[in-house]
Every structure is written in structure tokens, then in C-alpha cells.
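The values are calculated or read from the model by the stated rules, or taken from the named source; none is laboratory data. Remember, predicted model here, so these are calculated numbers, not experimental data. Here Cβ is always computed from backbone atoms with ideal geometry, including for glycine, and neighbour counts include all displayed protein chains.
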Amino acid sequence: MKKQKIKYRKIRGINRRKRAIEQWGAHHQTLDIEKLKETHRDYVKFWVRPWTDFSLINSVYPEPTGELKASLIANLMTIYESWDELLKQLEQPYYLQTWLFEGAISRSQIICTIQEPMDFTNVFQPVDEQSNEGIKSSSHYNEQTAEVLDRYQWKLHRYIQAYDLADPWDAAYIESLDSQQLLRKQTIGQKEYQIAEIDKVWLLA
């Protein structure tokens, strides 16, 4: 399958985008405890335009950089801290995690569960050799983000997905991947799957 060239669209109105990120962060700081008690889980993704827009043409918006990236990280971790304080008041075990994607940072999110622990071993695989620099080795780490990122201990993981080798769409997508992304083949049930690394993600240690 021939790789299609992706065209990147220009991000316009930086100050407007920054305000939208800040509004997203403020809106999600309060965790709906009553809903959480019913569903036992909740999450918040980075739903901010234009990064959530679906394009019908072969073009995408570039990932947030500079001030926009710094604002995304700051607001993401503010949500994490706010949820952490609220969850502590429940006085029961809970799982709270930040998924900070290294490549596609716009896919980052906060997720929490109570009562029913979630197993993400089929999604995240720890990188065998962790950098001695830790989060400082991330492309997201700079003078604008250091103050926030340095508050926590992070561990780098592979974000992996399983693709059905018998499915034409999955098989075509696999062909478009770099060979280094193809980790192993695995039989699940009666089907053979290709396990591939789609991105890397930083999780709180």
C-alpha cells in the first residue's frame, strides 16, 4: 500500500486557540462524583477545535506546539490534580492516570476508575530501557513545560494496538507502518493479529 502524503493545515488564531484550551481545562476540573459512583469510571479527552475536527480531505492540523502545547499540558495536569483531590474524599481505592502521548499529544487524556480496576496491559507496554533523563527526554519537555512536568514521576510506555491480519483494512494499514513499529504476531482466539506500536505514551509512575 502506497503511503499517502499528509498535508498539514495552518493553525490560525493562536490566542483564540489558547483560550479554548483554558476553557476546556476549567470546564473539566470538576469530577462528577455521583456519575462516577454509578458508572465506576470517567475520563476526559482533549476535545478542543480544530484538533477534533474531522477532515474529508487528506489534510490534518499539526499537533499543538509552543504556547499551545504548554497550555494543554498545564490544563491536563490541573484536571488531574483536581480529580485527585476529589477522589481522596471518597476514602476508597481508586485508579487515576494521565496518558501523555509523545507523538500525538492531542490524544492525551485523564482516566479514573473506582471499585473496578482496569487492565491496560494490552494497550500499554513499558519501554525496556528507560532514559536516565526521564521526562526530560520527552519532546514535550522545555522551559515552558518543565515546571509542570517535573512535579511528577513518569514512565515511558509503548501504545500498542492489535490488527487482524485477515481483515483487508487492517492488513492495508499494517503495510503503511514502519517495520520498527511491528512488534510481534499473536494468536487471539482463532485469529492471528499483528501487534504494532502506534505511539509512545508517558504514564505517571
Filter result (modelled with pLDDT of 95 or more and touching a helix residue (DSSP H, G or I) at 6+ places or on another chain (Cβ under 7 Å)) within the stretch 34-66: Asp42, Val44
Of the residues in the stretch 154-205, those that are without any contact (Cβ under 8 Å) to a residue 24 or more places away in the chain and more than 30 Å from Ser131 (Cβ to Cβ) number 7
Could we say that Ile135 is assigned to a helix (DSSP H, G or I) and surrounded by 16 or more Cβ atoms within 10 Å (Cβ to Cβ) here? yes
The conditions are (1) in contact with a strand residue (DSSP E or B) (Cβ under 7 Å, 6 or more places away or on another chain); (2) assigned to a loop (DSSP other than H, G, I, E, B), and Ile111 fails exactly one of them. Which is it? (2)
Just give me the residues in the stretch 123-141 being among the charged types (D, E, K, R) and more than 12 Å from Trp202 (Cα to Cα), in sequence order. Asp128, Glu129, Glu133
Would you confirm whether any residue within the stretch 64-75 is in a strand (DSSP E or B), aliphatic (A, V, I, L, M) and within 17 Å of Val201 (Cα to Cα)? no
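Residue by residue, here is whether (1) surrounded by 14 or more Cβ atoms within 10 Å (Cβ to Cβ); (2) farther than 26 Å from Ser137 by Cβ; (3) touching a Leu at 6+ places or on another chain (Cβ under 9 Å) holds:
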site	(1), (2), (3)
Ile21	yes, no, yes
Arg41	yes, yes, no
Arg49	no, yes, no
Pro64	yes, no, yes
Leu72	yes, no, no
Asn75	yes, no, no
Gln89	no, yes, no
Quick one: Lys10 ticks every box in (1) more than 21 Å from the chain's Cα centre (by Cα); (2) modelled with pLDDT of 60 or more bar one, so which box is it? (2)
Answer yes if at least one residue in the stretch 169-179 is exposed (fewer than 15 other Cβ atoms within 10 Å of the Cβ) and under 21 Å from Arg107 (Cα atoms), and no otherwise. yes
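Okay, residues lined up against (1) in contact (Cβ under 8 Å) with a residue 40 or more places away in the chain; (2) within 14 Å of the chain's Cα centre (by Cα):
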position: Arg49; (1), (2): no, no
position: Pro64; (1), (2): yes, yes
position: Ala74; (1), (2): yes, no
position: Glu102; (1), (2): yes, yes
position: Ile114; (1), (2): yes, no
position: Ser139; (1), (2): no, no
position: Glu147; (1), (2): no, no
Of the criteria (1) modelled with pLDDT of 95 or more; (2) more than 19 Å from the chain's Cα centre (by Cα); (3) not polar (S, T, N, Q), which one Glu129 fails: (1)
